Amino acid sequence: MKRTLALGGIAAGLLASAAIAAPAHADSVPAVNLANTNFAAQQVAAFWFGQAKANLINATPYTAETTVSAKHVSTGGASADDKAGVVGSSGDQKAATGTLKNVNLPKTTGKVFFIGADHKPHWCSATSVQGQYKNLVATAGHCVYDTKSNAATLDKWVFIPGYYEGKTPWGIYVGKTAYTHYDYSVYEDGDRDYAFVTVYNGVVPTEGGTSGGKYASRVYRSKWDAYRAKKKLQADKTTALSKLQVVETSRLSRFGKDTAVSVADFQAWNKGKNLTGNGPWAPGTNASAAKEISKNDYKSWKDSYVSKDGTTLFWRAKVQKQAPAAAASASPSPSASAQGNGYKWHRDQGSFEYKYFSRTFTAKVIKGYQVVGVKLSIGLKDVGTLGSNVGGQGLAYNQKIGTGVFEFGYPSGSHPDGNYAFSGKTQKWAYGKTFKAAAASMKAEELVGIKSSFTGEGSIGSAWLYRYSNAKRLGYLNGVTIAVSDTDGNNRIDTNVSPYFDGETLAVYKTAAANWSGKIV
């Protein structure tokens, strides 16, 4: 469902086709901040670099809106709204064909990482696009905007060109501002499911690497307040916190009630004291009398241990075994030599035995809830703009249906029949000619499709490149994968779909490309 937009003047050297008039309304190209301060961007980079890049390595493909029921459209559907054109500083390319045996993969392709609606790290495919400030990334709109929970944008958004199993060959580029079509941000119109994102200069860790420490919030009286605080922290783009969880706490107070407490809490309130002894204990705390238990009730070979629920201390003590009185009186007194040898043997083999005990603890406490986790900090250095390091694809719009395009991305996941054709670890390519398509479940009536076996997980955001030069590894972005489909019903993905790039796409691109990002360090 398209609205007619007009475009204004384009910066000199960027437009290789007819000029179009400017958007009639300021809200035609909504912009949303992803990390609007240098400090916020530094914290986002620290989140992904920290803990030996654990968040990057553990990220999984984003599964929102991947496999859909798509169909070919014979009449109507996608159409140009003006003359065809291309935008780019590299000039027109000599087109490669799908018959190439060896395709040189573009340096511009990579993965975008973010925190999903489930608060876990995920990724999509994306590509660097040429722009005035060499700071632009293109991907699917739902790899930027959170359509699952209807939050504004996905959190801690970064682009990593050439990513491979934790390696960031050209650094991490933190997203600054996301630009999309009005109809997508407001109505989630699948015909406009694309986004252009400006990114800060890339960064890599300094030799000092990463550091951090434990994080603990203030104590909240209710669990609900603690979970609300946790959610707020997860949405805060100025912090780099990981492994956040809500835990119950016990605060010692003379106004508190006598309550069973954990061994760990009791020890913290009685630092340096032997918990198997008889105290004295800190004011407001108390230990039960040592209770003797049977050997069968003692569940360890250690001298002490704590129960699984943390509330009971178990320990064992070695005591001298007493001989039976009758046996002792009936035995003659051995010689001095025999006494010595006999005593030594008796002492080593059976003169001592273990006794087993347990104890619980109470204290006058006020219970509460706390958010705990890990905070990250990192030394960073600037590595320059995205376009300077990997280049940028041009943009093609209003192209003829039936045009051949290359698709580049990181497909992952299985076909409907369970066959795993792609791992998502390395960049892959496909080639096909565009045709008109539609996907009702995405409110998308004017899509284009290509024949491709790319599976949905991971391939979302893959770049469709028109007139791709195998020598220069550059072409013109003419689509982004937003969903995949099994159109013939054989349980194998055979079609990938994209919004049709027209003059309205150019308007969004132009707005994004006109904005500078700068450095974060």
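The values are calculated or read from the model by the stated rules, or taken from the named source; none is laboratory data. Owing to the predicted nature of the structure, the values given are computational and were not obtained by experimental measurement. Don't worry about glycine lacking a Cβ; one is built from the backbone with ideal geometry, like all the others, and counts go over all protein chains shown. Heavy atoms of the whole protein, side chains included, go into the accessibility calculation; ligands, DNA and RNA do not. Shrake-Rupley method; radii C 1.70, N 1.55, O 1.52, S 1.80 Å.
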Go over the candidates S441, S453, S498 one by one and state the one that is assigned to a loop (DSSP other than H, G, I, E, B) and either touching a residue at least 12 places away in the same chain (Cβ under 8 Å) or open to solvent by less than 10 Å² (accessible area, probe 1.4 Å) (or both). S453
Out of A140, A117, A195, which single residue is within 22 Å of G424 (Cβ to Cβ) and open to solvent by 10 Å² or more (accessible area, probe 1.4 Å)? A117
With the requirement that a residue be open to solvent by 10 Å² or more (accessible area, probe 1.4 Å), farther than 18 Å from M442 by Cβ and touching a residue at least 24 places away in the same chain (Cβ under 8 Å), what does the stretch 167-192 give you? T168, W170, K176, T177, Y179
Give, as residue ranges, the strands (runs of 3 or more DSSP E) completely inside the stretch 118-167 that count at least 1 residues that are hydroxyl-bearing (S, T, Y). 121-129, 136-140
Of (1) within 15 Å of T108 (Cα to Cα); (2) within 29 Å of the chain's Cα centre (by Cα); (3) buried (at least 24 other Cβ atoms within 10 Å of the Cβ), Y476 satisfies all except one. Which? (2)
Could you list, in sequence order, the residues of the stretch 456-473 that are open to solvent by less than 10 Å² (accessible area, probe 1.4 Å) and among the aromatic types (F, W, Y)? W464, Y468
Return yes or no: is A226 under 35 Å from the mean Cα position of the chain (by Cα), loosely packed, with under 14 Cβ neighbours inside 10 Å and in a helix (DSSP H, G or I)? no
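Residue under question is S358, and the condition is that it be among the hydroxyl-bearing types (S, T, Y), within 41 Å of the chain's Cα centre (by Cα) and surrounded by fewer than 18 Cβ atoms within 10 Å (Cβ to Cβ); does it hold?
Working: among the hydroxyl-bearing types (S, T, Y): yes; within 41 Å of the chain's Cα centre (by Cα): no; surrounded by fewer than 18 Cβ atoms within 10 Å (Cβ to Cβ): yes.
So S358 does not fit the description; no.
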If I filter the stretch 410-430 for residues that are in contact (Cβ under 8 Å) with a residue 12 or more places away in the chain, surrounded by fewer than 22 Cβ atoms within 10 Å (Cβ to Cβ), within 20 Å of Y476 (Cα to Cα) and more than 29 Å from the chain's Cα centre (by Cα), do I get at least one hit? no
By residue number, the members of the stretch 251-288 that are part of a strand (DSSP E or B), over 21 Å from Y305 (Cα atoms) and either of a type in the set (G, A, S) or without any contact (Cβ under 8 Å) to a residue 12 or more places away in the chain (or both) are S253, G256
